[in-house]
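All remarks here apply to the structure that follows.
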Ligand code: NAD
């Protein structure tokens, strides 16, 4: 069974789907691995590193695609890439199946079996495959660093002979995986941190990191589903959150927003008036930019100025820390591949509670109900 790795081609993408240590593990599982020449360079891994790990390095991208039994990627391969693969081959990557299902039609038409890293269920057995959490960890960390780098002040409290420097104030909205990592990083740098989330369980986690948890009276409404994920709130409940956020935004030097609701547009947490109320020199980093944004006026991958306040919405911070982002991602995909390989051969058990739900297309059919619905809407 040949596992192929392409060089990523999206602008700014420096990650690679498999690092050499994962290649060794896959070869130990009796698979063979081929990789496009220079695919690892962004993550500081050379062709020789891959050769030493046992991979074959290939210059011809089309030949690599045609030879792949399983193609692993970070971002979704192009329509042409899908068309160049052999019928029945497997693709494992981030695929954006709920946001852009139509982009997977070429894979469907070519009879490819596609697995989406976004759809890997968050059950205990699949924790080692949870690439969303891995990438959110990297993004949350980097967002705190961006904030520290941008503001015209220091993060820690300093007592010097020239007087006392007060600590920076950071407000984090959404305390999931990315938010908690942003809180932890800002705390390590010495900032005073406040955080808000609609899930009550987040409160304990926020406090355990030394931050203050902001609570809003939402009138006892249901804020999470059975799986522990936030649900879409009513306009009235969202407004209560926004009013509280606007009040705390007035004193913040850095605001990092990470609030998302799986499969829905990101909730709007800061209106223009909240941004206007902020101090000059402050920064808002909206990590929900790719799902519509948490902040009015934020634009994906652009830097916007509003009355001396900077608003950024970087959509791919993991690619700016490519070594560790690739290392974590590579381990996530390798754990998933280990489910698909038996005695060095492909073994697709669609009844498996991780493999089945992660599958998007198989034998010319849409396999995931949510994706099929998103496709009809599109
Ligand atoms: P996410 O990226 O979907 O959302 C980020 C955060 O935004 C969440 O904490 C959510 O509650 C919050 N949010 C949504 N709407 C909001 C609003 N209107 N106002 C304020 N905050 C709002 O979530 P995530 O970071 O991927 O994960 C969230 C949860 O899933 C956490 O409880 C996490 O521990 C859990 N999780 C479980 C596993 C597992 O393996 N069981 C793995 C990863 C995450």
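The values are calculated or read from the model by the stated rules, or taken from the named source; none is laboratory data. Note that the structure is a prediction, hence the values are computed from the model and not measured. Every residue, glycine as well, gets a Cβ built from its backbone with ideal geometry; the counts of neighbours run over all protein chains shown.
Per-structure values
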| item | result |
| --- | --- |
| Scan of the stretch 230-258 for residues that are assigned to a loop (DSSP other than H, G, I, E, B) and under 17 Å from residue 195 (Cα atoms), ordered by number | 250, 251, 252, 253, 258 |
| Residue 230 vs. criteria within 12 Å of the ligand (Cβ to nearest atom) and surrounded by 19 or more Cβ atoms within 10 Å (Cβ to Cβ) | yes |
| All positions within the stretch 298-309 that are surrounded by fewer than 19 Cβ atoms within 10 Å (Cβ to Cβ) and either touching a strand residue (DSSP E or B) at 6+ places or on another chain (Cβ under 6 Å) or modelled with pLDDT under 95 (or both) | 303, 304, 306, 307 |
| Filter result for the condition that a residue is touching a helix residue (DSSP H, G or I) at 6+ places or on another chain (Cβ under 7 Å) and in a strand (DSSP E or B), over 4, 17, 66 | 4 |
| Residue list for the stretch 20-40, filter: assigned to a helix (DSSP H, G or I) and buried (at least 24 other Cβ atoms within 10 Å of the Cβ) | 22, 23, 26 |
| Number of positions in the stretch 106-127 that are in contact (Cβ under 8 Å) with a residue 60 or more places away in the chain and more than 16 Å from the ligand (Cβ to nearest atom) | 8 |
| Tally, over the stretch 268-299, of residues that are closer than 17 Å to residue 177 by Cβ, part of a loop (DSSP other than H, G, I, E, B) and touching a helix residue (DSSP H, G or I) at 6+ places or on another chain (Cβ under 8 Å) | 1 |
| Helices (runs of 4 or more DSSP H) contained in the stretch 314-378 and holding at least 3 residues within 19 Å of the chain's Cα centre (by Cα) | 322-340 |
| Scope the stretch 313-331; condition farther than 11 Å from residue 287 by Cα and surrounded by 23 or more Cβ atoms within 10 Å (Cβ to Cβ); matching residues | 318, 319, 322, 325, 326, 329, 330 |
| Those residues of the stretch 69-88 which are free of Cβ contacts under 8 Å to residues at least 60 places away in the same chain and in contact with a helix residue (DSSP H, G or I) (Cβ under 9 Å, 6 or more places away or on another chain), in sequence order | 76, 79, 80, 82, 83, 84, 85, 86 |
| Qualifying residues in the stretch 266-286 (those that are farther than 13 Å from residue 171 by Cα and within 11 Å of the ligand (Cβ to nearest atom)) - the one nearest to the chain's Cα centre (by Cα) | 266 |
| Within the stretch 184-202, tally of residues that are within 11 Å of the ligand (Cβ to nearest atom) and crowded, with 16+ Cβ neighbours inside 10 Å | 6 |
| Hits in the stretch 234-265 (condition: within 8 Å of the ligand (Cβ to nearest atom), farther than 21 Å from residue 217 by Cβ and surrounded by 22 or more Cβ atoms within 10 Å (Cβ to Cβ)) | 258, 260 |
| Residues of the stretch 341-368 satisfying the condition of being touching a strand residue (DSSP E or B) at 6+ places or on another chain (Cβ under 6 Å) and either surrounded by fewer than 17 Cβ atoms within 10 Å (Cβ to Cβ) or touching a residue at least 60 places away in the same chain (Cβ under 8 Å) (or both) | 358, 359, 360, 361, 362, 368 |
| Answer from 167, 152 - the residue that is under 23 Å from residue 247 (Cα atoms) and exposed (fewer than 14 other Cβ atoms within 10 Å of the Cβ) | 152 |
| Looking only at the stretch 210-225, and only at residues there that are within 11 Å of the ligand (Cβ to nearest atom) and outside any loop (DSSP other than H, G, I, E, B), the one that is farthest from the chain's Cα centre (by Cα) | 214 |
| Residue check for residue 174: within 8 Å of the ligand (Cβ to nearest atom), touching a strand residue (DSSP E or B) at 6+ places or on another chain (Cβ under 9 Å) and in contact (Cβ under 8 Å) with a residue 12 or more places away in the chain | yes |
| Given (1) surrounded by fewer than 18 Cβ atoms within 10 Å (Cβ to Cβ); (2) near the ligand (Cβ under 9 Å from one of its atoms), number of the condition residue 158 does not satisfy | (2) |
